[in-house]
Structures are given as C-alpha cells and as structure tokens.
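Note sheet for the following structure.
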C-alpha cells in the first residue's frame, strides 16, 4: 500500500466506465470503515530467456514524514474493471506507458495479501483501511521509468530485495510480500 | 452468487467486530454501484484417504421465480474479517456447525472469479453488483446439513457436477466455477 | 505424450552435458519398466495485451496407424537439465527457433499429469511408460512453425479446443489436460 | 533429500506392484547417473481450526558423519505409484501409521524443487543424483512419532523454522524449501 492518497484520483480521473456520481468524501470515509477494498499488488521483475527472475523493480518514494521507502506497484481495482486491467493500469501508472508488462495468463495470484488497519493480524498493514490484495509477479520487458510521486525505480537482485537493508526500507508488510514472491519464483535467498 | 439478499443480514447480525452504524440501505445501493465487493466461493468436497475428491456438495435453492438451482457456498468477506474466517463462517452458515471444514493452509485461491453486473465480460455474472470472489476447494469431514434458505444438499460425483444436466441447474457462472475446481483437483470429466 | 519414439534421439543428440555412455536399448527398456520418468507438457498460447488467452496452439501429427491426432508440446526432462530449460528445448523442437516463448517465472506447474501405462488410474495414459509430467501454460509471441514430425500447427480458440470435435482428436488424456489449462487461465468453455 | 540410502529398501520391500526383477546395483548406479528421478517433499504442519499453520514438523537425523540435521519428509515416487500415494507412504514411513495426513486435493505442488548433483544451479542439492521433487504442505491431525532412522520429530513454529539456528541445521536446500512453504501458507517470518 502506498502512503499517498490513491483513492480519489483513481475515481475522478480514471473511472473506466466514465460514471459520474461517485461517493462523496464522507461516503468514502464511511466505506473505508465498513468494507474491505480490493487491491492488486504487482511485483515487477526482469527475467532471462528461460524465464528465471534476474531482478526486481522497487519504487523509491518519500513518505509524508520525509523518510525514504521502497514499494511495489499497488492500487485499487475499480468498479467494473477486470483484475488484469487493474494490473495493467497500475503498472502503467507507476512504470510508464512502455513497460510492456506480461500480465499472467491465469487469474490465480501467488498469494492474497490481507492488509488490516490493525497491525499484527497478518504480516500486512494499512492504517487507512482493510484492503484485500491479489498479488502477482509481472515480468516487464520494456523501458520503465518512475512516474509522478516516485523518486526512482531500482532494479535489485532477488538476493538484494531479501536483504535486511532493503527489507528495512519497505513498509506495511511489503517486505514480506516481495519475499513471498521470491519464494514463488524459486529465488528466495 | 446466491439469489438471496445476503448483504444486510451479514452486516446486521454477523458483523465480527460488533460495530454499529453500518451503511443505510441507500448507502449500500450506492456502494454496490461504485465498488467491487470481496467474496469467497467454497467448493465443498468429500475426499478419500489419499486426498482424492470423490464427491462435491451442491446446495439446492429455490430462485425468486420458483425454479430450482444448484449453488456453491458463497458470501461476502466482511470488514476486518480474514478470508479464512469468511470461508469458515459461510460454510457453517450453509452446511451447519459440524461440517468440520479443512480450510486450506494457503491463502492462494485456485482461481479468482470476477462476477460482473454485465454478462459476457467473464464467465461469471451477478446482476446485483461487481463481486471479486476468491475460490477455494474445501474438504469437509463432518455431518453437513442444509441451512435456512437451502432446500437440500446433494453430494454428486465429479462426473455428475460436470454433466450437462447439473450444469444447466447452476446459474451466474457457478457451473463453470465448479468445473474449474474439478480441473484443479485433477477430476475434470 | 507423443506417439513418436522421443527417447533415444533426445539422449543421443541433445544430451546437455555431452556425456557418453548412455544406457543401451535394453537398459532403456528396463528403466521404462521400473521408474517413472519426468516429462513436461507445454500448452502454447497466444495472449492479448492484458494477458488473456486468445488461442491455443495444437500440433497435428499422424499416428503410426495413419490417423490424425492433435497434440501439445511434450517431452522428457534430461539428466542435469532444469525444468525451464526442458520446456524451452521442447518448445523450440516443436514450434521452431523463433517462437519466443515466455516460460513462466515460477516453477509451480498448473497441474501434474500422471501418465500411467495402465488406463483408468488417472485421466492420462501412456502405453510405453509411467511418465509424471509438469504442465505449464506458455505464451509464445514469435513466429511458430511445425517442425519435423508434425504436419501442422493450428491456433484454435479456447472454445474450439474444448469442443467435442477437437477433444476427439486428442489422445492419452491430452484433451483433459488442455481443458485443465483453459480452466487455469479462466477460459474453460 | 535424506542422507540415508533410501533407494534399495523402497524397491525391495515396498514395490507397490510386487514386481521382481528390479535393476541391479550397477544398473541403479547407471540410472542415477543418467536420469532425473521423481521425488516428493512433504512439509508436515499442524493447523488451527481456520487452517492457519501453527507449527511445522521437522525430523531430527544423524548424518553419516555424526552431525545432527533437521529434515522434511521426502522420498521417491515408485513405478506405477500415484504422487498422492507416494506422499502418504513416505509420511507413514517417517511419521508413523496414525499421523492422519490430509493430502491436498489438488496435484498442484506449491513448488518443484530441483535437486542437482552439482551445487549452485538451484538452491537444492543432492550429491547422489538429479532429483525433481514435487513439494506439498500436508496438515497432519493425528499422533506422529519418528520412525526408524529419525531420532526425533520436533514441532516448531513458522518463525522458528525460518530462524538462522534451525536453517543452519537443514541441508541440501531444505531450509530454503521450508521457507518457501511458509511463504506459500502466508507465514514467512
């Protein structure tokens, strides 16, 4: 989960069906306190010719308090949007329009990350809301550039993303999630 | 998805954190038209000693129009509820308190069923809402009895649930979902 | 499993470590009667920009008895060969050198097909041997041409490969396997 | 992989089809140098009522050199044996006849561990042979007792099995495999 307020821009500018009449800020706050929201988490990777993961892309962001954190591509699934279209949209939003992501052919995620507003129930935490996130490993072939609120995009080896140093720079359980992804691709350090 | 109005009872009677102040009916209608909701689908099965599926439990329900349909265990994930607790709760709701379900150790679903209000986008359809459902095969060992709005619970072989006759009795794409489940357990007819 | 004698050519011509001293024909026959062999099955697919499967590639082969059968890409994993390298090798062998396959980043297969020499134990059958096959869906982006003993390569829609007509042209349980693959990618008819 | 010579006893005493005429020791050595063998790895776990993993069972063995190692349940798949029957057989062999394992309904393993005789190709290593192992998490409900060549069976928490201390007691990559299993069940420390 990012620390930025991802909710309203999504709805105002990107609603795929162009509907008006979105919930008011008060209604959004009410929904967030009453319903789990559907998210996707994408772990962008570079693979070699045999499909083996050689590096993982992590976004560098400044938190509201000024510290630096590393983050996965993540975001909400909108009304009437397919999960695979949400993945594509958020990857383009974070890595740019020519990342050439290979969205998996199967909808089966490698895990479901349950971000609770209360810490400690699962490894995942989101102080704003209860988010249930479908997590996918997504190879990207094209040119990736950090967009908008990301300061940088770093390509790290599987060993590096599992290292204590990088893990300490990830928040809300995304460090655990990227290690789960490395386990899934057989590259857990 | 069931044809019964599952939404309000869930919230009024079963909210796990005991919160009051749930959304009003108008707000529920607004949410349903604006956000995808998180569901679980459980395919209850009987397995033999080696874990091989021998039968599948389907609920028999009367639709509002009086026709008979067969359905899986399904229902919404509530705010602050873990996916595995939602699975348990809905299995108990539909199969009774002594079904002894073996909820999978892994949160990885065998598929994600995307029920759209518009038919034809995916194999799954829910005229009331956009529901994103995490689907699991759940072995049950105990005594199962249909509850409340189900007329019967039938245990059918994998071949029977994939037959044209039974498939024709399932609605909203659940026929496809149960065949996906049989494919996952290696028992697709 | 193909009807062609895939075993010796693999070993004589393609052994990845260049070892000599391979088993004699008598020893091969003995091994085949005593040990399960490791295979891979690849379901070659074309996907759209969002990763959704649009067509499936099936090879057309003439059986020894002269009938036509449709088949997946399949073959043995060699000594000291990684599963992902075996996938690449067999895809190149059957679809040519510029198919540009996207071998999955994860070693988790969508299923394990157990081909028994005795029919009826599983949906899969191989009269020659007991083969345990790791099955993967593999998107291919490049130009595919049938090689050597295949007469043609046909790209069929998910609906077509699940149709009775095409299913009747597949042998040894590969019809069931391709339907399992379509279930896995959410495209089971 | 265990350090004990698991190959001949399997074949002499437990061959499921009762066939005689097994390969001679020389032939076994030849096969091991020429073909990958099919194995299963089982991660025995205790789960709570909601399916969440609470502990992992590790066998304590003395290596030929006298050091103590912790190991998973592992062993070969025999000719004409189903993978799920091999899992059951090896769990009974290592945990006793009343462990009451819940073999997964699906043949899809959580990963495929490729044990190479050469270290460094994958995280897995078996100096004796090239083994391709299908890995499953298997909840056990019954009474488990270490059998034959195991000195003890310890039930450790997910955090403990991922700790440096326990990881250092596991060999041939099984430490990585048990962490992959914990990632799969959402309990990676």
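The sole residue among B:141, B:172 that is away from chain C (no Cβ under 14 Å), in contact (Cβ under 8 Å) with a residue 40 or more places away in the chain and more than 17 Å from the chain's Cα centre (by Cα) is B:141.
The criterion of being in a strand (DSSP E or B) and in contact with a strand residue (DSSP E or B) (Cβ under 7 Å, 6 or more places away or on another chain) holds for residue A:132. With respect to the conditions (1) at pLDDT below 80; (2) closer than 30 Å to residue D:156 by Cα; (3) within 11 Å of chain C (Cβ to nearest Cβ), residue D:15 falls short on a single one, namely (2). Within the stretch A:32-43, the set of residues being more than 7 Å from every other protein chain (Cβ to nearest Cβ) and modelled with pLDDT under 95 comprises A:32, A:33. Note on the stretch C:126-148: residues that are surrounded by fewer than 20 Cβ atoms within 10 Å (Cβ to Cβ) and closer than 21 Å to residue C:29 by Cβ amount to 2.
Going through D:156, D:100, D:134 one at a time, which residue ends up being within 10 Å of another protein chain (Cβ to nearest Cβ) and under 23 Å from residue A:179 (Cβ atoms)? After ruling out the rest, the residue left standing is D:134.
Conditions tested, residue by residue: (1) free of Cβ contacts under 8 Å to residues at least 24 places away in the same chain; (2) surrounded by 24 or more Cβ atoms within 10 Å (Cβ to Cβ); (3) closer than 30 Å to residue D:136 by Cβ; (4) within 13 Å of the chain's Cα centre (by Cα).
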{"site": "B:66", "(1), (2), (3), (4)": "yes, no, no, no"}
{"site": "B:73", "(1), (2), (3), (4)": "no, yes, yes, yes"}
{"site": "B:88", "(1), (2), (3), (4)": "yes, no, yes, yes"}
{"site": "B:100", "(1), (2), (3), (4)": "no, no, yes, no"}
{"site": "B:106", "(1), (2), (3), (4)": "yes, no, yes, no"}
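Look at residue D:123 and say whether it is buried (at least 21 other Cβ atoms within 10 Å of the Cβ) and touching a strand residue (DSSP E or B) at 6+ places or on another chain (Cβ under 9 Å). It is true that residue D:123 is buried (at least 21 other Cβ atoms within 10 Å of the Cβ) and touching a strand residue (DSSP E or B) at 6+ places or on another chain (Cβ under 9 Å). Of the strands (runs of 3 or more DSSP E) lying entirely inside the stretch A:44-83, the ones with 1 or more residues being within 14 Å of another protein chain (Cβ to nearest Cβ) are found at A:53-62, A:73-76.
Only residues that are under 23 Å from residue D:180 (Cα atoms) and in a loop (DSSP other than H, G, I, E, B) were counted in the stretch D:25-43, giving 1.
Is the stretch B:45-56 home to any residue that is surrounded by fewer than 22 Cβ atoms within 10 Å (Cβ to Cβ), out of contact with any strand residue (DSSP E or B) (no Cβ under 9 Å at 6 or more places or on another chain), farther than 16 Å from residue B:102 by Cβ and free of Cβ contacts under 8 Å to residues at least 60 places away in the same chain? No, the stretch B:45-56 has no match at all. Restricting attention to the stretch D:142-153, the residues that are under 18 Å from residue D:61 (Cα atoms) and not in a strand (DSSP E or B) add up to 6.
Residue under question is residue C:108, and the condition is that it be within 20 Å of residue A:48 (Cβ to Cβ), in contact with a helix residue (DSSP H, G or I) (Cβ under 8 Å, 6 or more places away or on another chain) and facing another protein chain (nearest Cβ under 7 Å); does it hold? Yes; evaluated as a whole, the condition is true for this residue. Within the stretch C:84-97, the only residue that satisfies the criterion of being within 14 Å of chain A (Cβ to nearest Cβ) and in contact with a helix residue (DSSP H, G or I) (Cβ under 9 Å, 6 or more places away or on another chain) is C:89. For the stretch C:168-189, a residue qualifies if it is within 12 Å of residue B:181 (Cα to Cα) and modelled with pLDDT under 95, and exactly one does: C:188.
Filtered by the rule that a residue be surrounded by fewer than 20 Cβ atoms within 10 Å (Cβ to Cβ) and outside any loop (DSSP other than H, G, I, E, B), the stretch D:154-174 gives D:154, D:155, D:156, D:159, D:160, D:164, D:165, D:166, D:167, D:168, D:170. The number of residues in the stretch C:92-113 being in a strand (DSSP E or B) and under 18 Å from residue D:111 (Cβ atoms) comes to 3.
The values are calculated or read from the model by the stated rules, or taken from the named source; none is laboratory data. Just so it is clear, the model here is predicted, and its values are computed rather than measured. Cβ sites come from the backbone with ideal geometry, for glycine too, and all protein chains shown count toward neighbours.
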